[in-house]
Amino acid sequence: MKSKILVVGSINMDLTVTASRFCGAGETVFGNTFSTAQGGKGANQAIQAARLGARVDMLGKVGNDDFGKSVTATISASGVNTQYILVSDTAPTGIADIQIQKNNSGTENRITIVTGANFDITLNDVAFLEEKIREYSMVILQHEIPMEINCRVAEYAAKYNVPVMLNPAPSAKVPSELISCLTYISPNEHEAKDIVGIAPDDESGINNTIKALHNMGVKNVIITLGKEGCAFSDSQTIIRSKSVNMGSVVDPTAAGDSFIGAFCTAVSAGIDYKKALIFANCTAGITVTRKGAGVSLPTLDEVLAAMEQRGIDTKEYKEKL
Ligand code: RIB
C-alpha cells in the first residue's frame with residue numbers, strides 16, 4: 001500500500017550560526033559558521049516522508065521573495081507536491097534563527113522563529129480540503145501555523161476518518177476541539193508537560209502523561225524522550241522504543257521532524273507500531289549526524305542500509321515502502 005500523506009504546516013528559511021558559545025545580553029561573541037537552508041517543521045516532515053517513499057502533498061504559505069522561491073524549489077526537488085504551497089501578497093517567508101552550540105559538553109540548538117507568511121494561511125485557503133481530504137491516508141499538523149487552521153483541517157479529516165498526527169511543536173496548549181480529532185499526538189517532554197501539566201521525567205511521569213493525553217481524547221500517544229527514544233501507547237499497550245546511535249551528533253535540528261515523517265510513512269504503509277517506531281528512530285538517528293534541517297533528512301535507501309548494518313531485518317520495510 002503506497003501511502004498518500006498531506007502535510008499542512010510551516011515552511012521556513014533557516015539561518016544557522018554555529019559557535020562554541022552564544023552571547024548573553026549586551027555581549028558580542030565570534031561564531032564559526034553561517035548557512036542558509038530550507039526548514040520549517042511542516043516542510044521537513046513532508047520532505048522526510050517523501051524521501052522515504054510516501055506520496056506527499058504540502059499545503060503552506062511563503063512570501064513573494066527569494067527565500068520563498070528557494071525553499072519551494074527545494075521542497076519540490078525532494079519529491080513533495082508543492083501545488084498547494086501558496087504565496088502571500090503581504091508577509092515575507094518565515095525564517096528560523098538557529099544557534100548551534102558545540103563544545104565539550106556536546107551539541108545543542110536554540111531556535112527562534114519569525115512566522116511571516118506561515119501565519120498568513122486563512123480558513124479560505126484550506127476550504128478546498130473539506131472533501132479532498134478523504135484522498136489521504138494521513139494528515140500531519142504542527143504548531144507553526146495558526147491554531148484555527150489546524151482545528152479546521154483536523155475537523156475535515158475526522159469527518160472522513162482520515163488519521164491525523166499532531167506534532168505539538170513549538171509548545172502551546174492544544175484546544176479540546178483539536179485534541180478530539182487526533183489519531184496521534186507526538187509531544188516531546190516539554191510539550192507534553194505544557195499540554196497536561198505532568199512532567200514525563202520518570203516511568204510514572206511517562207505513564208501518567210500518556211494516560212492524561214488519552215483521557216483528553218487522543219487515541220495514540222508518542223512521547224519523544226530525546227536520547228531515551230520514545231514511549232508509544234495505543235491505550236492498551238505501551239511500547240518503549242530506544243533511540244539508535246547512527247554516529248556522533250552534528251546537529252539535532254529536524255530530528256523530531258524526521259521521526260514524525262518516518263513514523264507516519266511507515267504506519268500509513270501498513271507497518272505495525274513497533275516496527276514503525278524502530279524505523280522512525282533509525283531515520284532520526286541519521287538526521288542528527290548531518291548539518292541542517294531539510295538537507296539532513298535521509299532517503300529510504302540510506303535508512304535501510306544503516307538498519308541492515310545494525311542487523312535489523314528490513315524485508316517488510318522493503319516490501320511495503
Ligand atoms: O524542527 C526544526 C525546524 O524548526 C527548523 O527547520 C526551523 O525552521 C523550525 O521550524
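Summary table
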read-out	value
Förster-model FRET efficiency, 45 Å R0, Asn32 and Thr90, C-beta, rounded to 0.05	0.80
Pairwise centroid distance, computed over Cα atoms, of the stretch 225-295 with the stretch 36-69, Å	19 Å
Packing-based exposure ordering (other Cβ within 10 Å, fewest first) of His214, His190	His190, His214
Neighbour-count ranking [beta-carbon atoms within 10 angstrom, fewest first] of Arg110, Arg134	Arg110, Arg134
Farthest positive-ward along the stretch 177-262 dipole, Cα basis, beta-carbon charges - from Ile185, Ile222, Ser235	Ser235
Sum of -39500 (n - 2.57) over DSSP H runs of 4+, divided by residues of the chain (222 nm, nearest 500)	-10000 deg cm²/dmol
Using a Förster distance of 45 Å, the FRET efficiency for Ile312-Asn64 (Cβ separation, nearest 0.05)	0.50
Size of charge dipole - the stretch 225-321 - debye, nearest 20, with Cβ of Lys, Arg +1 and Asp, Glu -1, no other charges	180 debye
Ranking of Leu166, Leu15, Leu129, Leu6 by count of other Cβ atoms within 10 Å, fewest first	Leu15, Leu129, Leu166, Leu6
Amide N of the stretch 1-37 lying under 14 Å from the label point, which is placed 7 angstrom from the Cα of Glu319 along Cα→Cβ	1
Listed pairs Lys219/Lys318; Lys173/Lys320; Lys4/Lys61; Lys132/Lys193; Lys69/Lys242; Lys159/Lys211 exceeding 32 Å between Cα atoms	Lys173/Lys320; Lys132/Lys193; Lys69/Lys242
Estimated dipole of the stretch 74-230 in Debye, rounded to 20 [Cβ of Lys and Arg +1, of Asp and Glu -1, Cα centre]	260 debye
Cα-centre dipole for the chain with unit charges at Cβ (Lys and Arg positive, Asp and Glu negative), debye to 20	700 debye
Where chymotrypsin sites (Phe, Trp or Tyr not before Pro) in DSSP loops with at most 15 other Cβ within 10 Å are excluded, longest remaining stretch of the chain	161-321
Rounded, prolate or oblate (a/c below 1.5 giving rounded, otherwise prolate when a/b exceeds b/c) for the stretch 70-114 by Cα gyration tensor	oblate
Three-way shape call for the stretch 219-321 based on the alpha-carbon gyration tensor, with the a/c threshold at 1.5	oblate
14 Å Cα-Cα reach of Lys315 towards aspartates and glutamates, excluding residues that sit fewer than 8 places from it in its own chain	Asp272, Asp301
Sparsely packed trypsin sites (Lys or Arg not before Pro) within the stretch 264-299, loop by DSSP, other Cβ within 10 Å at most 12	none
Gyration tensor verdict on the chain (Cα atoms; rounded if a/c is under 1.5, prolate if a/b is larger than b/c, oblate otherwise)	rounded
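No lab work stands behind these numbers, since they all come straight from the coordinates. None of the values given here were measured: they were computed from a predicted structure. Note that we place each Cβ from the backbone using ideal geometry, even for glycine, and neighbour counts take in every protein chain shown.
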